[in-house]
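Read the figures in this text as sums done on the coordinates, not as results from a lab. These numbers come from a predicted model, not from an experiment. Note that we place each Cβ from the backbone using ideal geometry, even for glycine, and neighbour counts take in every protein chain shown.
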There are 2 protein chains.
Amino acid sequence: MADERLEQQIRFILEIDALKGVLRRSYLLAGDRPENSAEHSWHVAVMAVLLAEHANERVDTSRVVRMLLVHDLVEVDAGDTYVYDSAGVEAKAEREARAATRLFGMLPEDQGRELRALWDEFEEGHTADARFAAALDRLMPVLHNVHTAGRSWREHGITADRVIARNAAISRGSRKLWEYARALIDGAVMGGHLAPSPPEPGGSTPRH
Amino acid sequence: MADERLEQQIRFILEIDALKGVLRRSYLLAGDRPENSAEHSWHVAVMAVLLAEHANERVDTSRVVRMLLVHDLVEVDAGDTYVYDSAGVEAKAEREARAATRLFGMLPEDQGRELRALWDEFEEGHTADARFAAALDRLMPVLHNVHTAGRSWREHGITADRVIARNAAISRGSRKLWEYARALIDGAVMGGHLAPSPPEPGGSTPRH
């Protein structure tokens, strides 16, 4: 029968099946239900294969793909945190670090260490690969929102200034993709699918 | 604004969102719904990262991952064909080839050619990477069935001989994983989750 190493790997593979049940705020383009984190992970991994040429710096596409395949695994324990939920985002780091310790700890030690390092790298965002992976992870919900008439933005009362503040970091990974996303965001405001930025406290016109 | 190349890439990325709506026969381990082909593609890609060491031959894990990320894309047009549906499987090749031409044809020519070649390689199964990718693609539904008390097998009246005939090709990619799967299949029969092989026409005892 199987050795202990294979048994550990299979137990981990079965455990992460639960990511298919973690729902995000974005809706599928077909519009019938929210997206889950497993299918999202697939989608951004495919994006990495296709869009790597637009990264600011040279990236190792295979590493970016791997990073994106595991970037949301911790949600098996920690759940998805809506990026515009400031309170949730604060507690998120601790919750997710605990989840990472448990989940990656299920694997044979060498593989657990490798995937944990990839996940840490993604979270820290200090390398070209991590910056580009994060850019794709942010671009995808913008695309989903723009192509579902801003459904998730409207449901949560999100305004353009918040979308821009949240997603400006796309430019750290790819100025080209941020320029593209920026145009989509402006278009969504003009099309009435995204509420415009509120006037600033001083009464001046919004900067964006 | 974006150039035509980026526009083509984004249109393709949006188009394949539909894979999240293509349902397979396997149930999630949580048991609440059938799996879709997008989350399945994510799951087998993660398996490739973890299980590559068990391949019979040396494989290029990054290529196997890429192959698995795109192996079901054609289902956006062609739908999922149940592996035990013999009539469906016959018409499948033609339907899927048409889908591949349309879908990969949406991409910039170089990328469309590259992904089409990867998909063809997977379908033909003549390389070590393709054999190992196919092994994972077959192992996953065995795992899902075994860990949901054979739910999908029982719903479709599948017997052990058919499961074995269908999945024996796992050994072309990994003898070790086939040995593991074979033990699970025997266990499922013993546990009453998979109907035993019917007696052979000559009246002899089943070979398996």
**OP:** For the protein assembly as shown, count all C-alpha to C-alpha pairs, find those more than 29 Å apart, and express that count as a whole percent of the total.
**Re:** 46
**OP:** Place the label 7 angstrom along Cα→C-beta at B:Ser86 and in each other copy, then list the distances from the first to the rest in nm, shortest first.
**Re:** 6.5
Original post:
Considering every residue in B:46-58, what mean count of other chain Cβ atoms within 10 Å of its Cβ is obtained?
Top reply: 4
Original post:
For the pair B:Ala117 and B:Val89, what calculated FRET efficiency results from E = 1/(1 + (r/R0)^6), where r is the Cβ-Cβ distance and R0 = 30 Å, to the nearest 0.05?
Top reply: 0.85
**OP:** Under 15 Å Cα to Cα from B:Lys92, which aspartates and glutamates show up? Leave out anything in the same chain fewer than 8 places away.
**Re:** B:Asp72, B:Glu75, B:Asp77, B:Asp80, B:Asp120, B:Glu123, B:Glu124
Original post:
Where Rh is the Kirkwood radius over the Cα pairs of segment B:73-208, the temperature 20 °C and the viscosity 1.002 mPa s, what D in µm²/s does Stokes-Einstein return?
Top reply: 129
Original post:
Counting every Cα pair in segment B:1-123, what percent are over 22 Å apart?
Top reply: 41
Original post:
Roughly what would the spin-label model give for B:Asp60 and A:Thr127, points 7 Å off Cα along C-beta, in nm?
Top reply: 2.1
Original post:
Under unit Cβ charges (Lys, Arg +1; Asp, Glu -1), what dipole magnitude, rounded to 20 debye, does the protein assembly as shown have relative to its Cα centre?
Top reply: 340
Original post:
About its Cα centre, what dipole magnitude does segment B:10-149 give when the only charges are +1 on Lys and Arg Cβ and -1 on Asp and Glu Cβ, stated in debye to the nearest 20?
Top reply: 200
Original post:
Taking +1 at the Cβ of each Lys and Arg and -1 at the Cβ of each Asp and Glu, which of A:Leu184, A:His43, A:Leu136 sits farthest along the dipole of chain A towards its positive end, judged by Cα position relative to the Cα centre?
Top reply: A:Leu184
Subject >> For segment A:44-106: span of alpha carbons on each principal axis (Å, largest first) >> reply: 35, 31, 18
**OP:** Tell me what chain B gives for mean residue ellipticity at 222 nm when only DSSP H runs of n ≥ 4 count, each as -39,500 (n - 2.57), the sum divided by the residue total, rounded to 500 deg cm²/dmol.
**Re:** -19000 deg cm²/dmol
**OP:** Could you work out how far helix A:128-146 tilts from the main Cα principal axis of chain A, as a 0 to 90 degree angle to the nearest 10?
**Re:** 50
Original post:
In whole Å, what is the distance between the alpha-carbon centres of segment A:129-169 and segment B:66-107?
Top reply: 31
**OP:** Please list the non-local residues whose amide H lies under 5 Å from the amide H of B:Asn36, H modeled 1.01 Å from N, same-chain partners needing a gap of 5 or more.
**Re:** B:Arg24
**OP:** Would you work out if segment B:77-136 is rounded, prolate or oblate? Take a ≥ b ≥ c from the square roots of the eigenvalues of the alpha-carbon gyration tensor; rounded if a/c is under 1.5, else prolate when a/b is larger than b/c, oblate otherwise.
**Re:** oblate
Original post:
At A:Gly31, label 7 Å along Cα→Cβ: distances to the other copies, nm, ascending?
Top reply: 3.6
